[in-house]
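In what follows, a structure is listed as structure tokens, so that the remarks can point back to it.
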Amino acid sequence: MKSLQIITSSIIVSSLLVGCGGSNNNKMPMMPMIPTTPTEPTTPTNPTNPSQNLPSLNILPVMIDEDGNLNDGKATYTLNANQNVDVTINTPNRSWVTPMWRYNNNPLPLVIRVNRGDDMTLKFNNQLASDSTIHWHGFKIPADMDGGPDYPVKPNGSKIYSFKMNQPASSLWFHPHPDMQTGKQVYMGLAGVYIIEDDISKELEASNQLPSGDKDVVLLVQDRRFDIEANGKRELLYMNGDMDSDGMLGNVVLVNGSAYPKLEVSTSKYRFRLYNVSNAKNYDFAFSDGREFTIVATDGGLLKNPVKVNHIMLGAAERVEIIADFSKESVGSKIEFISRAFQDDNMNMGNGMGGGNNNNNNMDNQVGGRSPNGTEVSVMRFDVTTVENDNIVIYNTIPQRAEITNRIDMSSANNIGNERQFNMTMSMGGGAMTFVINGKAFDPTRVDEYVQANSTEIWNLTNNSPMAHPFHAHAIQWQILSRNGVPSSGVDLGWKDTFLVKANESVKIIGRFEPVNVGDYMYHCHILEHEDAGMMGYFRVGDTGNIDNF
Ligand code: C2O
Ligand code: CU
Ligand code: CU
């Protein structure tokens, strides 16, 4: 027995060494490479096996406007943050119950759908045992309504968020943003979808240039790690591995709360609002047969011109709306949606590292581990079950009155020639990695950048660390000017609130701070563990902010 253990561990060690030397060029000699908590040997699962009985995709529930009137220009909602909500996780192999944190005790993430220009009044009741907030990701609203860490809501406390969204139809979202607890609270299950509609999106839907109704489906993608079953439940594991401070990566990819679900579709075009609301995972979404699909929207709204692609990389917090065309399929075909394998950065040290099992979407009853970025994953499947006459012809060019038809002119920037620089770096300190922006860790009592009210600015992001970071700034939707000096094209021409800055990449962006943008906002890496560890800063728009009374 003893000798067997020795043999087993020497096999593990040598395969780790092979993994480290093989698939990267060792730019990161200081990475901690000690495997984490040993896990049980794993049985590879094969989620692509067609004989499996896949769970049906959960359709996320849309909240009802409390005043009962969707068209009175007023939107009234209540969100309670709750702990210990028992959620059934369905997978191809089995189901189990996991206690999660959710809004309104609902087992699923909630969707709020409003019209552009509505006056929003949302009462938030914090029923957690810790501070929380609701941050409105991608919204152009005043800082005191933005739900940043500078406006915490205490346990049993409440806050009324009221604002008007005057921005284009888009797939936005909301999540907690308390100081140093964002990663944990989002991971435990607090996040929701916020959809704005406007007269342009409605016109395109009414004229069958965009799928709508039950052909407009939110797909919320999040990776998680589950403990073995105990007392009939499998708890979520958070930050239980040595490399988790580099970003919390799970080995089970959930879509709307289920692992590898299926959606039954007709022979038609569908619009999928694809949300990567994982803590740290990047996906390179594609269909397994490599088929083309069309991207019609990015984070902040519809594209001027839809873009045909056969894959799309989304970093944490990024969204796209895609059109999948099943009109040429025959009933009975099954189309698989995956995240392709990729070599994204130099942090991943080969797929054997990190001590976790990294099976392709492992749902067995084993301690969950770390599945690194770049591992191929089966995300979900579309089963064509009904024939329908497809009458949707996707728009070619959005109506001229849409803001996205105008590229923001570089010469209109207030800081042209003196662009704001943000350099993302990492270093080894005290046995752990630290991630910083411009050499500084977040300090809640320091404003890092002062921005003039109503100004147009160019920001330049550089990444001198060996991994990709999804950069996000509150209050604004940006246009990407260039990456490594190459002018933007395709999907990069859309409104962006979050975008990946890859290792050794530099990304130049331009944006307008509008009159509604007043006060102190955050910019940060949206790998939530980086953000919580201080890869974040404050910027103040206008002369006044709240930071002094934080
Ligand atoms: Cu979704 Cu400060 O972020
Ligand atoms: Cu945000
Ligand atoms: Cu980061």
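Against the numbered list (1) under 29 Å from residue 262 (Cα atoms); (2) polar (S, T, N, Q); (3) surrounded by fewer than 18 Cβ atoms within 10 Å (Cβ to Cβ); (4) modelled with pLDDT of 95 or more, residue 53 comes up short only at (4). Filtering the stretch 428-462 to residues that are within 25 Å of the chain's Cα centre (by Cα) and hydroxyl-bearing (Ser, Thr, Tyr) leaves 434, 462. If a residue has to be open to solvent by 10 Å² or more (accessible area, probe 1.4 Å) and among the aliphatic types (A, V, I, L, M) to count, how many in the stretch 507-535 make the cut? Result for the stretch 507-535: 3. Of all residues in the stretch 492-507, at least one satisfies being under 22 Å from the mean Cα position of the chain (by Cα), outside any loop (DSSP other than H, G, I, E, B), of a type in the set (Lys, Arg) and more than 20 Å from residue 343 (Cβ to Cβ).
Within the stretch 164-196, the set of residues being more than 12 Å from ligand 1 (Cβ to nearest atom), of a type in the set (A, V, I, L, M, F, W, C) and either closer than 17 Å to residue 150 by Cβ or part of a strand (DSSP E or B) (or both) comprises 180, 193, 195, 196.
Taking the criterion of being assigned to a strand (DSSP E or B) and touching a residue at least 40 places away in the same chain (Cβ under 8 Å), the residues of the stretch 205-237 that qualify are 216, 217, 218, 219, 220, 221, 222, 223, 224, 226, 233, 236. Residues in the stretch 423-473 that are open to solvent by 30 Å² or more (accessible area, probe 1.4 Å), outside any loop (DSSP other than H, G, I, E, B), polar (S, T, N, Q) and over 19 Å from residue 540 (Cα atoms): 425, 427, 434, 462. For residue 504, the requirement of being within 16 Å of ligand 3 (Cβ to nearest atom), open to solvent by 20 Å² or more (accessible area, probe 1.4 Å) and touching a strand residue (DSSP E or B) at 6+ places or on another chain (Cβ under 6 Å) is not met. Taken as a whole, the structure places residue 160 among residues that are modelled with pLDDT of 95 or more and either over 19 Å from residue 402 (Cα atoms) or hydroxyl-bearing (Ser, Thr, Tyr) (or both). From 105, 93, which residue is open to solvent by 10 Å² or more (accessible area, probe 1.4 Å), at positive phi and either within 16 Å of ligand 2 (Cβ to nearest atom) or among the polar types (S, T, N, Q) (or both)? None of the other options fit; the residue is 105.
Taking residues in the stretch 154-178 that are without any contact (Cβ under 8 Å) to a residue 40 or more places away in the chain and over 30 Å from residue 210 (Cα atoms), and partners anywhere that are among the aromatic types (Phe, Trp, Tyr) and in a loop (DSSP other than H, G, I, E, B), the pairs with Cβ atoms closer than 8 Å and at least 6 places apart or on different chains are 159/151. How many residues, within the stretch 249-291, are in contact (Cβ under 8 Å) with a residue 40 or more places away in the chain and assigned to a loop (DSSP other than H, G, I, E, B)? The total comes to 18.
Residue 253 falls short of the stated requirement of being more than 21 Å from the chain's Cα centre (by Cα) and of a type outside the set (D, E, K, R). Picking from residues in the stretch 508-530 that are within 14 Å of ligand 3 (Cβ to nearest atom) and either over 18 Å from residue 175 (Cα atoms) or hydrophobic (A, V, I, L, M, F, W, C) (or both), the one that is farthest from the chain's Cα centre (by Cα) is 522. Assess whether residue 202 counts as being part of a strand (DSSP E or B) and of a type outside the set (Phe, Trp, Tyr). So residue 202 fails the test.
One line per residue, one yes/no per condition, for (1) at pLDDT below 95; (2) in contact with a Phe, Trp or Tyr (Cβ under 8 Å, 6 or more places away or on another chain); (3) open to solvent by less than 30 Å² (accessible area, probe 1.4 Å); (4) within 16 Å of ligand 3 (Cβ to nearest atom):
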position	(1), (2), (3), (4)
89	no, yes, yes, no
100	no, no, yes, no
110	no, yes, yes, no
146	no, yes, yes, no
165	yes, yes, yes, no
173	no, yes, yes, no
181	no, no, no, no
184	no, yes, no, no
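Criterion applied to 169, 191 was being open to solvent by less than 20 Å² (accessible area, probe 1.4 Å), within 16 Å of ligand 2 (Cβ to nearest atom) and in contact with a Leu (Cβ under 8 Å, 6 or more places away or on another chain), and the one residue passing it is 191. What do you reckon, is residue 420 loosely packed, with under 14 Cβ neighbours inside 10 Å and either in contact with a Leu (Cβ under 6 Å, 6 or more places away or on another chain) or at pLDDT 95 or above (or both)? For residue 420, the condition - loosely packed, with under 14 Cβ neighbours inside 10 Å and either in contact with a Leu (Cβ under 6 Å, 6 or more places away or on another chain) or at pLDDT 95 or above (or both) - is not met.
The rows are residues; the columns are (1) touching a residue at least 40 places away in the same chain (Cβ under 8 Å); (2) within 15 Å of ligand 1 (Cβ to nearest atom).
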| residue | (1), (2) |
| --- | --- |
| 492 | no, no |
| 508 | yes, no |
| 514 | yes, no |
| 523 | yes, yes |
| 531 | yes, yes |
| 539 | yes, yes |
| 543 | yes, no |
| 547 | yes, no |
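The values are calculated or read from the model by the stated rules, or taken from the named source; none is laboratory data. The structure displayed is predicted, hence computed values, not measured ones. Note that we place each Cβ from the backbone using ideal geometry, even for glycine, and neighbour counts take in every protein chain shown. For accessibility, only protein heavy atoms count, side chains too; no ligands or nucleic acids. Shrake-Rupley method; radii C 1.70, N 1.55, O 1.52, S 1.80 Å.
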